[in-house]
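Encoded as structure tokens, the structure appears first; notes follow it.
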Amino acid sequence: MKIWLQQRLHILIGLASILIIIQLLDTLTGGSLSNLGIIPRYAQGLIGIPLSPFLHGSWGHLLSNLPALLVLSALLMAHSIRYYVLASLFIIVVEGTLVWLFGRTAIHVGASGWIFGLWGLLLANAYFLRRGKDLFFAILVFIYYGGIALGLLPLQEDISTEGHIFGAIAGLTFSWLTKKWSMTNPQR
């Protein structure tokens, strides 16, 4: 059990460290790294699909995203580290691609699309996977993070609502695909 917890703590500490170091580098370069975010429908904006979740517009932006990212990541890692990594990669790529295809013209940065993806996945797992652990996590997520659903509404011009919506869609889709995969591969 101790190794199980240690591995997950190391991943969470590593993730937080990477995000903080990238923000420090962005600050030291006058915000130039933020230009590597997703720029919809421009070829140079494609690099932002894998990079944008690790880039933030300010320290405040990073610090508002970091706690939710770490808590939701920890909950999802209770399944397995492999499941968390696959889900995160799927969410980042699908959300980023949809923002690149359909987002408004702006530079989209931040982990909030990833956060909304993890949020949607944890909620959807209760429905699609129907396991006690998933129901418990969904209740926790709903109680503590239910308010982030307001982020799906376009209330502020400087927030990528598209990223939030597409992240949630990616998380729901990954949960549904997990259900379909487990039905076709019952030995799992």
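The values are calculated or read from the model by the stated rules, or taken from the named source; none is laboratory data. Because the structure is predicted, anything quoted here is derived from the model rather than measured. Positions of Cβ are generated from backbone atoms using ideal geometry, with glycine treated the same way; all protein chains shown enter the neighbour counts. All accessible areas refer to the heavy atoms of the entire protein, side chains included, with ligands and DNA or RNA removed. Shrake-Rupley method; radii C 1.70, N 1.55, O 1.52, S 1.80 Å.
Assorted remarks:
- Remark: the Cα gyration tensor places the range 41-90 in the oblate category, a/c being 1.5 or greater and a/b not exceeding b/c.
- Within the accessible area of the range 3-184 (1.4 Å probe), percent carbon and sulfur: 74 percent
- Over 19 Å [Cα-Cα, the range 37-121], rounded percent: 37 percent
- Normalised per residue, the accessible area of the range 76-115 is 39 Å², obtained with a 1.4 Å probe and no contribution from ligands, DNA or RNA.
- In degrees, nearest ten, helix 161-184 long axis to first principal axis of the chain (Cα): 30 degrees
- Three-way shape label, the range 100-188, alpha-carbon gyration tensor, a/c 1.5: oblate
- Surface accessible to a 1.4 Å probe, Arg131 within the full protein complex, Å²: 90 Å²
- Chymotrypsin sites (Phe, Trp or Tyr not before Pro) within the range 96-173: DSSP coil, no more than 13 neighbouring Cβ in 10 Å: none
- Volume per residue of the C-alpha convex hull in the chain, rounded to whole Å³: 119 Å³
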